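Chemist: Have a look at the structure that comes next, please.
The values are calculated or read from the model by the stated rules, or taken from the named source; none is laboratory data. Note that the coordinates shown come from a computational prediction; the quantities given were computed from them, not determined experimentally. So basically every Cβ, Gly included, is an ideal-geometry build from the backbone, and we count neighbours across all protein chains shown. Areas reflect the complete protein model, heavy atoms only, side chains present, ligands, DNA and RNA absent. Shrake-Rupley method; radii C 1.70, N 1.55, O 1.52, S 1.80 Å.
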Amino acid sequence: MEIVIQADADEVGRVAASVIADVVARKPDGALGLATGSSPLKIYSELAARVAAGALDFSRMRGFALDEYVGLPFEHPESYHAVIDRTVTRPLGFDPRLVHVPDGMASDIAAACEAYEQAIVDAGGIDVQILGIGANGHIGFNEPTSSFASRTRIKTLTPKTRADNARFFASPEQVPTHCLTQGLGTIMCARRIVLVAQGEGKAEAVAAAVEGPVSASCPASILQHHEHATIVVDEAAASRLRNRDYYKYTYANKPDWQRY
Ligand code: GLP
């Protein structure tokens, strides 16, 4: 794991965007794994600025969202279909036909999940997966005790996650109780992972994921087993890491050839 500690949320977005930009420049028809939530928004705005400046082109990239609510129509502004379209597909100039989101309205949920896994395989796998982290250590919507071997499937959201996401809805009861999410096994198949976290509220989850035992109680801790995971956090989100100084020293002395 590489831990990159930056002064603030803007710098987190800039550093993480550079990792993504590097992958896209090397493989312009690759596949990018997309996260929703507030954590990656600065990555997307930074990438959109680079696209507007003519430095980057996503028109041939494929996109695969991590997750979707069950039973929320695509037109609902908080469905992840709508969120991905608004925050990623349009601003970054993806071809909408190449952007996939799990189908939370499917009548056959199991078949929809299987089809989603197959679509990722057909695209040649995910080249770089963007992740946020929930306050309870979830990634995607893989709540604590999710199997490390899990693939895309239906999950029940914890009351904590529903409460955390209530800010996006008119009332807490409107947050769906179920979701479809790429599994931890699916996420671990991505060739590269970039997880971003900002703020004190994520400090405990980040410490558990990076320095705690690998345990299904903190789903993000499985990333300790990934061969190329980069965790980019601001000072507040890094505040509970015991080895902060070491991570800063490592990054400050990172050779140029290893930049991304
Ligand atoms: C959400 C999403 C995750 C996200 C996490 C944190 O429920 N399913 O992909 O990383 O919870 O959200 P935020 O970035 O808004 O803190």
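Chemist: Only residues in segment 82-99 that are on the phi > 0 side of the Ramachandran plot count as the first member; pair them with residues that are open to solvent by 40 Å² or more (accessible area, probe 1.4 Å) and not in a helix (DSSP H, G or I), Cβ under 6 angstrom, at least 6 apart or cross-chain, and list the lot.
Modeler: Going by the 6 Å Cβ cut-off, the qualifying pairs are GLY93/SER59.
Chemist: Taking segment 131-141 only, how many residues are open to solvent by less than 10 Å² (accessible area, probe 1.4 Å) and more than 9 Å from the ligand (Cβ to nearest atom)?
Modeler: Final tally of qualifying residues: 1.
Chemist: Right, another one. In segment 1-23, which residues are outside any strand (DSSP E or B) and among the β-branched types (Val, Ile, Thr)?
Modeler: VAL12, VAL15, VAL19, ILE20, VAL23 - these are the residues of segment 1-23 that are outside any strand (DSSP E or B) and among the β-branched types (Val, Ile, Thr).
Chemist: Hey, another quick one. Run down GLY63, GLY54, GLY104, GLY33 and say which single residue is at pLDDT 95 or above and on the phi > 0 side of the Ramachandran plot.
Modeler: Result of the check over GLY63, GLY54, GLY104, GLY33: GLY54.
Chemist: Right, another one. Could we say that THR152 is surrounded by fewer than 14 Cβ atoms within 10 Å (Cβ to Cβ) and out of contact with any strand residue (DSSP E or B) (no Cβ under 6 Å at 6 or more places or on another chain) here?
Modeler: Considered against the rule, which asks whether it is surrounded by fewer than 14 Cβ atoms within 10 Å (Cβ to Cβ) and out of contact with any strand residue (DSSP E or B) (no Cβ under 6 Å at 6 or more places or on another chain), THR152 comes out as no.
Chemist: Sticking with this one: Taking helices (runs of 4 or more DSSP H) that fall entirely within segment 171-260, which contain at least 3 residues that are surrounded by fewer than 17 Cβ atoms within 10 Å (Cβ to Cβ) and out of contact with any Ser or Thr (no Cβ under 7 Å at 6 or more places or on another chain)?
Modeler: 244-252
Chemist: Right, here's the next one. Just to check your reading of the model, which residue among ALA238, ALA252 is closer than 12 Å to VAL206 by Cα and either more than 23 Å from the chain's Cα centre (by Cα) or modelled with pLDDT of 95 or more (or both)?
Modeler: Matching residue, one of ALA238, ALA252: ALA238.
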